[in-house]
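Input: a single structure, listed below in structure tokens.
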Amino acid sequence: MNSVVRTISVDRTVSADDFRGAMRHLTGGVSVITAGRGRDVSGMTVTSVSSLAVDPPSLIVSINRSASSWPLIQRHGAFGVNMLTADQSDIAERFAGKGGLKGVQRFAGAEWTTRASGVPLLVGALAALDCEVEEVIERHSHAIVIGRVLDVVTSQRSAALAYWHGEYVAIDREEDAARLAEVSLPSRHVHARGLR
Ligand SMILES: Cc1cc2nc3c(=O)[nH]c(=O)nc-3n(C[C@H](O)[C@H](O)[C@H](O)COP(=O)(O)O)c2cc1C
């Protein structure tokens, strides 16, 4: 396996505030990462999921190593990726730790299923992916986790939840299609609707 680690030397460091300010412009699809088995479970809201390769089906997610899900991912070598629909912002907030909810408490009020790996998968997510950990790269505060996709559960839902400028926004294929036609943008361009 090829790996190149460079020591970066910079004269001028970018402040955390400047970096955060820049990253607020990056629109991210919202997913919940799930880990563990039975009642020994936890999960976390993320925007860092990204596709790695189609062959073999694999993806990447960046996980803060202080998150409660991290030891569970390490112990079981598996995790779930649950892509949220526009009306699941309450689930996003629970899994971001709102209200001090911990572990299994975050799973209340939603329906969950399992596939081969045994991690909880959200019934009614846009798509839920059952993943096995293929490789972990620990860097700075985070772990870059490469997951091999073992199974995929999809739904017919079409409106996605995204995060942009510190707010949850909806991207709806049905509702936004008319506006897209009006402005004649290429089909990949979407219109985002604020949820608040
Ligand atoms: C919209 C949004 C996106 C997030 N994306 C990430 C992410 O990609 N990686 C990460 O480590 N934490 C991310 N977080 C923070 C985690 O959701 C949060 O720290 C975690 O749920 C707290 O975990 P714990 O209480 O289980 O330790 C994000 C939070 C929000 C609200």
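The values are calculated or read from the model by the stated rules, or taken from the named source; none is laboratory data. Nothing here was measured: the structure is a model prediction, and the numbers come from that model. Positions of Cβ are backbone-derived with ideal geometry, glycine not excepted, and every protein chain shown enters the neighbour counts. Protein only, heavy atoms only, side chains kept; ligands, DNA and RNA dropped before computing areas. Shrake-Rupley method; radii C 1.70, N 1.55, O 1.52, S 1.80 Å.
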Percent relative contact order for segment 27-194, counting Cα pairs under 8 Å at least six residues apart, stands at 24
What does the helix-only formula give at 222 nm for the chain: each DSSP H stretch with n ≥ 4 adding -39500 (n - 2.57), the total divided by the residues, and the result rounded to the nearest 500 deg cm²/dmol?
-5000 deg cm²/dmol
What whole-number value in Å² describes the accessible area per residue of the chain for a 1.4 Å probe?
60
Find how much the distance from Val14 to Ser51 grows on full extension, using 0.36 nm per residue of separation minus their present alpha carbon separation; answer in nm with one decimal.
10.5 nm
Here the gain from full extension of Val123 to Glu175, 0.36 nm per residue of separation minus their alpha-carbon distance, amounts to 16.4 nm
Rounded to the nearest whole number, the Stokes-Einstein translational diffusion coefficient of segment 1-152 at 25 °C and 0.890 mPa s (Kirkwood radius, C-alpha pairs) in µm²/s is 150
Calculated FRET efficiency, Lys102 and Arg24, Cβ-Cβ r, R0 25 Å, to nearest 0.05?
0.35
Suppose R0 equals 41 Å; then what is the FRET efficiency for Thr7 and Ser158 from their Cβ-Cβ distance, rounded to the nearest 0.05?
0.30
